[in-house]
Structure formats: C-alpha cells, structure tokens
Amino acid sequence: MADAVWELDSSDGQLTVMTAVAGPASRVGHRLTIAMGWHGTVEWADEPVAVELTADVGSLEVLRGDGGATPLSGPEKALVRLNALKSLDAVQFPHIRFRSDEVERAADGYRLVGTLEIHGVTRDHTMDLTVEHRDDSVRVSAQDSLRQSDFGIKPYSMMMGALKVADEVRVCFDAELAPRE
C-alpha cells in the first residue's frame, strides 16, 4: 500500500520521440523530434512501488526536423503532425500508457517492469529509470527504443515507399522534481 502518491505532468519535464528515416530516398527526409504532453503518478512506500505514465497522442508537437534536403518549415511541421496522428489512429487510440507495479532498485535508479499500451496493443515492457539527486531536486530520465510495427502501427511512407519513417523510434523522458514532503 502506498504511503504517498506524487502527481506529475508536462510542467515537470519532457517526453520526446525521435524518428529516423529509411528507404532509398532517406537522405532527403528529416529525422524528427516530437514532443508529447503527459501526466503520471508515482506511488511511494519508503521508495517507489508503482509508476504510471500516460501520454496524450493528440498533444503531439513536431519540435524540429534534422537533415533533409531543405529545412523543415512551419507548414511542413503541421503536415508531419497530421500524418503522425493518422498513423497513430489518434482518434481511436488517444493515449499511450505505461504502467509498472514492479519497481526494482538498480545501480543508478530503478528498473520498471510493467506493460506498455500503444495503438490498442498491450505488451510487457521493462524500462530503466536513471535517478540523479541534486542539491534541491531529483532528476529522473529514461531512454528506450520501440518498434512501431510491434504495436500494429504502419510507419508513414511517401514516394511509393522510397521515403519512410523508420520502424524503430527512440523515446526519451526527462524530468526535474522538487522534493516532496
């Protein structure tokens, strides 16, 4: 049973997704950095015992596009956002959820063992969370790689498949938390 519950959200940190490009025309495509709004809870009993994080797919925002034949313009960012929301079926699957009821201490933080639900598909998932204690706060971070196809998502493609978003994406979470009483 939890002694306390911490409520966290996007004001505490950032959840980003980084994509790569694939296909014969990949050099003209952009490697995207996408932010998503999120909220979460951490249940405590002397240390964390459960963690849940929910990302709002509709909040997806294209922060930048690296590489490509030309810089990614504002209208292109809007088009990329629409294509991503369509690929993710955001209307039918508006949230991505990670839930861990098994939190194990690790050398530099915690190992979170639980489930990840994306696009209506739930899979067992383990994630390592790094914890760094600072003078007046705690920094927590995690990086993970996921394959879109594992969750029934067909990566966006164009030019008859000559240019497409790579199946594997990298997810990064970084938050700075003030001590809780």
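The values are calculated or read from the model by the stated rules, or taken from the named source; none is laboratory data. Predicted model, so just to flag it, every value in this text is computed and none were measured. Glycine gets a Cβ as well: all are built from the backbone with ideal geometry, and neighbour counts include every protein chain shown. Side chains included, ligands, DNA and RNA excluded: accessible areas come from the protein's heavy atoms. Shrake-Rupley method; radii C 1.70, N 1.55, O 1.52, S 1.80 Å.
Residues that are within 21 Å of residue 9 (Cβ to Cβ), at pLDDT below 95, open to solvent by 60 Å² or more (accessible area, probe 1.4 Å) and in a strand (DSSP E or B) within segment 125-163 comprise 132, 139, listed in sequence order. Restricting segment 108-124 to residues that are in a strand (DSSP E or B) and of a type in the set (D, E, K, R), the residue that is nearest to residue 52 (Cα to Cα) is 117.
Could you grab me the full set of residues in segment 44-85 that are modelled with pLDDT under 95 and in contact with a His (Cβ under 7 Å, 6 or more places away or on another chain)? 65, 66, 67, 68, 72, listed by residue number. Taken over segment 114-124, residues that are surrounded by 12 or more Cβ atoms within 10 Å (Cβ to Cβ) and more than 13 Å from the chain's Cα centre (by Cα) amount to 5.
For segment 65-101, a residue qualifies if it is within 15 Å of residue 153 (Cα to Cα), out of contact with any Leu (no Cβ under 9 Å at 6 or more places or on another chain) and open to solvent by less than 40 Å² (accessible area, probe 1.4 Å), and the qualifying residues are 83, 87.
Set side by side, the residues 62, 42, 51, 57 differ, and just one is open to solvent by less than 60 Å² (accessible area, probe 1.4 Å), aliphatic (A, V, I, L, M) and in contact (Cβ under 8 Å) with a residue 60 or more places away in the chain, which is 51. Within segment 92-107, the presence of at least one residue that is without any contact (Cβ under 8 Å) to a residue 12 or more places away in the chain, more than 18 Å from residue 55 (Cβ to Cβ) and among the charged types (D, E, K, R) is confirmed.
Among the residues of segment 95-111, some residue qualifies, meaning at least one is β-branched (Val, Ile, Thr) and farther than 18 Å from residue 37 by Cα.
Segment 1-105 holds strands (runs of 3 or more DSSP E) entirely within its bounds, and those carrying 3 or more residues that are touching a Ser or Thr at 6+ places or on another chain (Cβ under 6 Å) map to 30-45, 47-67.
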